[in-house]
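Before any comments, here is the structure.
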Amino acid sequence: MQSITLGHYLPGDSFLHNLDPRIKLLCLLVLIVTLFLVRTFWGFMFFGVFIILIFSASKLPWRYFLRGLRPVFFIIFFTLILHFLFTDGGRVYLRLGPLTVEEAGVFMGTFMTLRLVLLVITTLLITLTTSPISFADGIEYILRPFRRLGIPGHEIAMMMTIALRFIPTLMEESDKIRKAQMARGADFETGNIFRRARNLVPLLVPLFVSAFRRADELAIAMEARCYRGGENRTKMRELHTRPRDYLGLSVSLGMMLAILFSGV
Amino acid sequence: MLEVKNLSHVYMPGTPFQVEALKEISLKIEKGEFVGIIGETGSGKSTLVQHLNGLLRPTSGDVLLDGCSIWSGKVNMRAIRSRVALLFQYPEHQLFEETVYKDVAFGPRNLGLDEKELQKRVRYGLEQMELDYESYKDRSPFSLSGGEKRRVAMAGILAMKPEVIILDEPTAGLDPAGRRQLLALIEKLHSEEKLTVIMVTHNMDEVSRLANRLFVFSAGRLVLQGEPAVVFNSPQKIKEIGLELPVLSELLLKLKDSGKNIRTDLFTVEEVGKEILEYFRGGRSCKV
Ligand SMILES: Nc1ncnc2c1ncn2[C@@H]1O[C@H](COP(=O)(O)OP(=O)(O)O)[C@@H](O)[C@H]1O
Ligand SMILES: [Mg+2]
């Protein structure tokens, strides 16, 4: 359970940490689009170097960062294997019974994997340097123009904030309950999959009970403070863009244009 | 029978969230003792007790049960957990079965006992907690009151017939009546069932009266240990690490400070009352 660091915010003081969250989200969007514009391996290399530069500006500990990648390792590996085996075309490198590894498959597999890895790294760079609260603030702001289309920006942001707020709490809770049941001789580690699933009951029931209790308490606490959604709600922390935010955005846009027009 | 040797524990090592929760702890607990573990919130008490039945693995150091390391690989963890039972804080949150019977039977069932023995165990656990077997066994644990839930949770570990019970803040959040009742039951487990009791608590009055030995923790270190009379004899130190004296000790120390020659190593209302009465009666008879 301690390995789940995917997107776990790391407080700090760096160029990346101090960017306005709205701008940061825009940058993320621009960079993701950029990644899909890349057409050659040179493009990925260029992008990779760019990301390494940003990473060093973020002052994140690289060990911790790499651990954050672990949960998606499986998906990446899977993509690679699927492409190797099932994308056909070009020379045949290897035959495994009915399955073949062909040139196009190797090319596509590597290409897609690189794209995926860079996508995750870029996203991780942003989520690791943005506190959940400012993240939600940013989302709320960006969704504001869509209010007229009936998209409740504030409510979405609030739900995100609450969900993010409770993930660590619930993890802590599940750890505690797991240990409490282990103290009564429960076993969560051995047996086949059905047995294991059944053994989870002593963990899941108390966890749900406690989640509902917490939700209830939270709702009452919010109501007691007259919470009533987004209309006319003021903010404790107003967001202000500063020159460095424009710098960040320009750099991301520049990256996109460079990749688009150089054709790499 | 339980021994902790040079134990240190680090949570989430190698991440920026690393916490050194325990530093070089060594202590020994003998069979039949009633020991109290006190210390500020975050001082490492819960971390320590989770080592005693192998729920946490020491980062360094060792835990010995009857002289054998519980991490040597030769011992069955389940057997250790049935001998050294641990009840977490707010244990009512661990209840999950449809009926009280099934919930109490969960622990012993995991030990592989047959249905007949199970029933005996459940009856034993519930009776130790003064819950009537016939009237409680078919009720849903979720329909009980807070105090009852907690006693059912406690029955659940007693049904495993442990030799040692570790209680992490057993009375937190109970009303005075519930607290008094639970403490009386714990006391009975110690004196009549001959269980070794390890109790983590914030309540100095309870622990000074019940425990024969105290371990005082501060910031992950064991800073004081000994009989309550010894530990609370250093009021300066106790207050320094953010704890309180038992009310009765405070009273006796105040009296002593104002020049009265009075004993300060008493912890029950009866003893203290007698001491004060004796002192003042004695004093008056001297003057007359
Ligand atoms: N599961 C955990 N993960 C990370 N840190 C923890 C965990 N449990 C406790 N800690 C930390 O270890 C220290 C000691 O905690 P704990 O043993 O619970 O103290 P106490 O029971 O005396 O209040 C605290 O600083 C706490 O934040
Ligand atoms: Mg604790």
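The values are calculated or read from the model by the stated rules, or taken from the named source; none is laboratory data. Quick caveat, the model's predicted, so the values are computed rather than measured. Every residue, glycine as well, gets a Cβ built from its backbone with ideal geometry; the counts of neighbours run over all protein chains shown.
Got a sec? Which helices (runs of 4 or more DSSP H) wholly within the stretch B:174-288 have at least 3 residues that are within 16 Å of ligand 1 (Cβ to nearest atom)? Even if it seems obvious, please write down each step before you answer.
Values: elements: B:176-191, B:204-210, B:228-231, B:235-240, B:247-257, B:269-287.
Passing ranges: none, list empty.
Which of the residues that make up the stretch B:49-81 are touching a residue at least 60 places away in the same chain (Cβ under 8 Å), buried (at least 16 other Cβ atoms within 10 Å of the Cβ) and over 17 Å from the mean Cα position of the chain (by Cα)?
Result: B:VAL63, B:LEU64, B:LEU65.
Scan the stretch A:4-17 and tell me whether some residue there is β-branched (Val, Ile, Thr), within 14 Å of chain B (Cβ to nearest Cβ) and touching a residue at least 60 places away in the same chain (Cβ under 8 Å). Show your work before the answer.
First, the residues of the stretch A:4-17 that are β-branched (Val, Ile, Thr): A:4-5.
Then drop every residue that is not within 14 Å of chain B (Cβ to nearest Cβ), which leaves A:4-5.
From the residues that got through so far, the ones that are touching a residue at least 60 places away in the same chain (Cβ under 8 Å) too are A:4-5.
Yes - at least one qualifying residue is present in the stretch A:4-17.
Could you identify the single residue in B:SER8, B:SER46, B:SER26 that is more than 14 Å from the chain's Cα centre (by Cα), among the polar types (S, T, N, Q) and either within 11 Å of another protein chain (Cβ to nearest Cβ) or more than 13 Å from ligand 1 (Cβ to nearest atom) (or both)? Don't jump to the end; show me each part of the working.
On the way: B:SER8 fails: either within 11 Å of another protein chain (Cβ to nearest Cβ) or more than 13 Å from ligand 1 (Cβ to nearest atom) (or both); B:SER46 fails: more than 14 Å from the chain's Cα centre (by Cα).
Result of the check over B:SER8, B:SER46, B:SER26: B:SER26.
Go through the stretch B:112-128 and give me each residue that's within 14 Å of chain A (Cβ to nearest Cβ) and under 28 Å from B:LEU183 (Cβ atoms).
Residues satisfying the conditions are B:ARG121, B:VAL122, B:GLY125.
Hey, does the stretch A:32-45 have a residue that's within 14 Å of another protein chain (Cβ to nearest Cβ) and under 24 Å from A:TYR246 (Cβ atoms)? So that I can check it myself, show each step before the final result.
First pass over the stretch A:32-45, keeping only residues within 14 Å of another protein chain (Cβ to nearest Cβ): none.
Scanning the stretch A:32-45 turns up no residue that is within 14 Å of another protein chain (Cβ to nearest Cβ) and under 24 Å from A:TYR246 (Cβ atoms).
Looking for whichever is surrounded by fewer than 23 Cβ atoms within 10 Å (Cβ to Cβ), within 14 Å of chain A (Cβ to nearest Cβ) and in contact with a Gly (Cβ under 9 Å, 6 or more places away or on another chain) here; the options are B:GLY173, B:GLY147, B:GLY156. Which one fits?
Details: B:GLY147 fails: within 14 Å of chain A (Cβ to nearest Cβ); B:GLY156 fails: surrounded by fewer than 23 Cβ atoms within 10 Å (Cβ to Cβ).
Criteria check complete, one pass: B:GLY173.
So which residues in the stretch A:48-66 are within 14 Å of chain B (Cβ to nearest Cβ) and crowded, with 17+ Cβ neighbours inside 10 Å?
The initial filter retains those residues of the stretch A:48-66 that are within 14 Å of chain B (Cβ to nearest Cβ), namely A:58-66.
Selection gives A:SER58, A:LEU60, A:PHE65.
Taking the stretch A:89-101, which residues are surrounded by 12 or more Cβ atoms within 10 Å (Cβ to Cβ) and either in a loop (DSSP other than H, G, I, E, B) or modelled with pLDDT of 85 or more (or both)?
A:GLY90
What single numbered condition from (1) charged (D, E, K, R); (2) under 23 Å from B:LYS239 (Cβ atoms); (3) away from ligand 2 (no atom under 14 Å from the Cβ) fails to hold for B:GLU30?
Of the numbered conditions (1) charged (D, E, K, R); (2) under 23 Å from B:LYS239 (Cβ atoms); (3) away from ligand 2 (no atom under 14 Å from the Cβ), the odd one out for B:GLU30 is (2).
For the stretch B:132-142: of the residues being more than 13 Å from chain A (Cβ to nearest Cβ) and part of a helix (DSSP H, G or I), which is farthest from B:VAL122 (Cα to Cα)?
Just the residues of the stretch B:132-142 that are more than 13 Å from chain A (Cβ to nearest Cβ), to begin with: B:132-139.
Then keep just the ones that are part of a helix (DSSP H, G or I); that gives B:133-136.
Details: B:TYR133: 8, B:GLU134: 11, B:SER135: 13, B:TYR136: 11 Å.
Filtering the stretch B:132-142 for residues that are more than 13 Å from chain A (Cβ to nearest Cβ) and part of a helix (DSSP H, G or I), the one farthest from B:VAL122 (Cα to Cα) comes out as B:SER135.
Return only the number of the condition from (1) within 14 Å of another protein chain (Cβ to nearest Cβ); (2) out of contact with any Asp or Glu (no Cβ under 8 Å at 6 or more places or on another chain) that B:PHE96 does not satisfy.
For B:PHE96, the exception is condition (2).
Across the stretch A:174-225, which residue is nearest to the other protein chains (Cβ to nearest Cβ) among those that are outside any helix (DSSP H, G or I) and among the charged types (D, E, K, R)?
Our first condition is that a residue be outside any helix (DSSP H, G or I); within the stretch A:174-225, this holds for A:184-192, A:200, A:225.
After this cut, where a residue has to be among the charged types (D, E, K, R) as well, the list is A:184, A:187, A:189, A:225.
Numbers: A:ARG184: 4, A:ASP187: 7, A:GLU189: 10, A:ARG225: 24 Å.
Checked the stretch A:174-225; the qualifying residue nearest to the other protein chains (Cβ to nearest Cβ) is A:ARG184.
Could you check how many residues of the stretch B:49-84 are more than 16 Å from ligand 2 (Cβ to nearest atom), within 12 Å of another protein chain (Cβ to nearest Cβ) and of a type outside the set (Lys, Arg)?
7
When residues of the stretch A:134-173 are filtered for being within 14 Å of chain B (Cβ to nearest Cβ) and over 22 Å from the mean Cα position of the chain (by Cα), how many remain?
Step one: filter the stretch A:134-173 for residues within 14 Å of chain B (Cβ to nearest Cβ), giving A:168-173.
Going one step further and asking which of them are over 22 Å from the mean Cα position of the chain (by Cα), we end up with A:173.
Within the stretch A:134-173, residues that are within 14 Å of chain B (Cβ to nearest Cβ) and over 22 Å from the mean Cα position of the chain (by Cα) number 1.
With respect to A:ARG63, is the statement that it is among the basic types (Lys, Arg), in contact (Cβ under 8 Å) with a residue 60 or more places away in the chain and assigned to a helix (DSSP H, G or I) true? Please lay out each step first, then the result.
Working: among the basic types (Lys, Arg): yes; in contact (Cβ under 8 Å) with a residue 60 or more places away in the chain: no; assigned to a helix (DSSP H, G or I): yes.
When the stated conditions are applied, A:ARG63 does not pass them.
For the stretch A:70-78, state whether one or more residues are surrounded by 14 or more Cβ atoms within 10 Å (Cβ to Cβ), among the aliphatic types (A, V, I, L, M) and at pLDDT below 85.
Yes, that holds for at least one residue.
B:GLY173: within 16 Å of ligand 2 (Cβ to nearest atom), small (Gly, Ala, Ser) and on the phi > 0 side of the Ramachandran plot, yes or no? Quick ask: steps written out before the conclusion?
Details: within 16 Å of ligand 2 (Cβ to nearest atom): yes; small (Gly, Ala, Ser): yes; on the phi > 0 side of the Ramachandran plot: yes.
Spelling it out, B:GLY173 is indeed within 16 Å of ligand 2 (Cβ to nearest atom), small (Gly, Ala, Ser) and on the phi > 0 side of the Ramachandran plot.
Contact list please: Cβ distance under 9 Å, first residue in the stretch A:156-180 and modelled with pLDDT of 90 or more and within 16 Å of ligand 2 (Cβ to nearest atom), second residue assigned to a helix (DSSP H, G or I) and among the acidic types (Asp, Glu), pairs at least six apart or on different chains.
none
Please work out which one of (1) more than 15 Å from B:VAL164 (Cα to Cα); (2) away from ligand 2 (no atom under 16 Å from the Cβ) is the condition B:HIS93 fails and give its number.
So B:HIS93 meets the others, but not (2).
Would you call B:VAL35 surrounded by 21 or more Cβ atoms within 10 Å (Cβ to Cβ), within 16 Å of ligand 1 (Cβ to nearest atom), of a type outside the set (Phe, Trp, Tyr) and assigned to a strand (DSSP E or B)? Can you show your working first?
Values: surrounded by 21 or more Cβ atoms within 10 Å (Cβ to Cβ): yes; within 16 Å of ligand 1 (Cβ to nearest atom): yes; of a type outside the set (Phe, Trp, Tyr): yes; assigned to a strand (DSSP E or B): yes.
Criteria met by B:VAL35.
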